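First up is the structure itself, then whatever we jot down about it.
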Amino acid sequence: MGYEDPVIYQKIDRVSKPIVAHLIASGYSGSTLLTHFLGAHSDILNLGEVLEAHKTNRDCRCVYCNESCEIWDLTIGRKGFLRNVNAFFFANFGRLRRLKRLALGILGQIFPDLLPGAIYHKIFRSQPHLKVVLDGSKTLKWSNWQSRNAKFDHRYIFLVRDFRALVASRQRKLNESFAESVSIIQRRYRNNEAYFEALPKEKRMMVKYEDLVLNPERTGTDLCRFLGLEYETEMEDYPGSRQHILGGSMTIMMRINDNQGKDSNDLKFSGKESYKGSGNFFLDERWRSELSEARLSEMKTNTEAFSRKYGYQ
């Protein structure tokens, strides 16, 4: 169902609908790299993990601009975020859908920020040159809620990565058992796959992390074509681009900070045997040395179908 509201959904003066690209991915799958790569395009605005501001009920602060951001402070406003958190939980609570729809329609006239798609609409209105807004929240309920606004052309990018790399990354960064890491990733992939495969084929695209890293130009060209854009070589220099995001991988953030002359921890990719690639793209294969043969054998039964489907052997 598409929501109509005379207050915030005034006509956007363009021939086709603005595109909102939603990222479907598991954590540690390379989503920050992908969104920064796309966000370096002149017609795309990468918003990062928008849902983070809603989940934590924090003030909205851009990772790079911090206190004063031309996108988040001026076009959205922090009060809008605090109200939107209510919309998210309200939309996903209970089974009284008709009652919720009626209540939301009434409340939306008073508090337009409660309506799905309010964030994107404000940004497109304030940045009329944009053709695509990219939301990297990676949460299916959030994407499903926002997609109820039919005034946008919602498209979906499904990012996959070698299951073994995902498990190794969780084990490296989180305090959980090996079996728990395997179970969590497996469950999320099943949910993501089911959601992705239910979407219209013309609205979805799958991308492999490894393809992006090893051949960014070809992968980027395909992604841009999917979003109705021409590929720009400047996308490969994503660390030097001006972006306005929430959340994201600290690994990528540190590379960008280094590129922009900012102080960061001593984290460098070059010279490590566990990485391969060139320029700003490095394929992280630390799992090869971090996961023992016993661990690989233990998870093989649960991941064999996944590996075969996506070409990971």
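Which pairs, out of 151/309; 141/201; 122/208, put more than 27 Å between their alpha-carbon atoms?
151/309; 122/208
Would you mind putting 296-304, 209-217 in packing order, based on average other-beta-carbon counts within 10 Å, highest first?
209-217, 296-304
What ranking of 177, 147 emerges when the number of other C-beta atoms within 10 Å of each C-beta is taken as an exposure proxy, fewest first?
If I rank by nearby Cβ atoms, fewest first, I get 177, 147.
Place the peptides 224-230, 126-132 in order of packing, highest mean first, counting for every residue the other Cβ atoms within 10 Å and averaging per peptide.
Ranking, from highest mean packing down: 224-230, 126-132.
Throughout, read-outs are computed from the coordinates displayed, never taken from laboratory work. Small disclaimer: the values here were computed from a predicted structure and weren't measured. Positions of Cβ are generated from backbone atoms using ideal geometry, with glycine treated the same way; all protein chains shown enter the neighbour counts.
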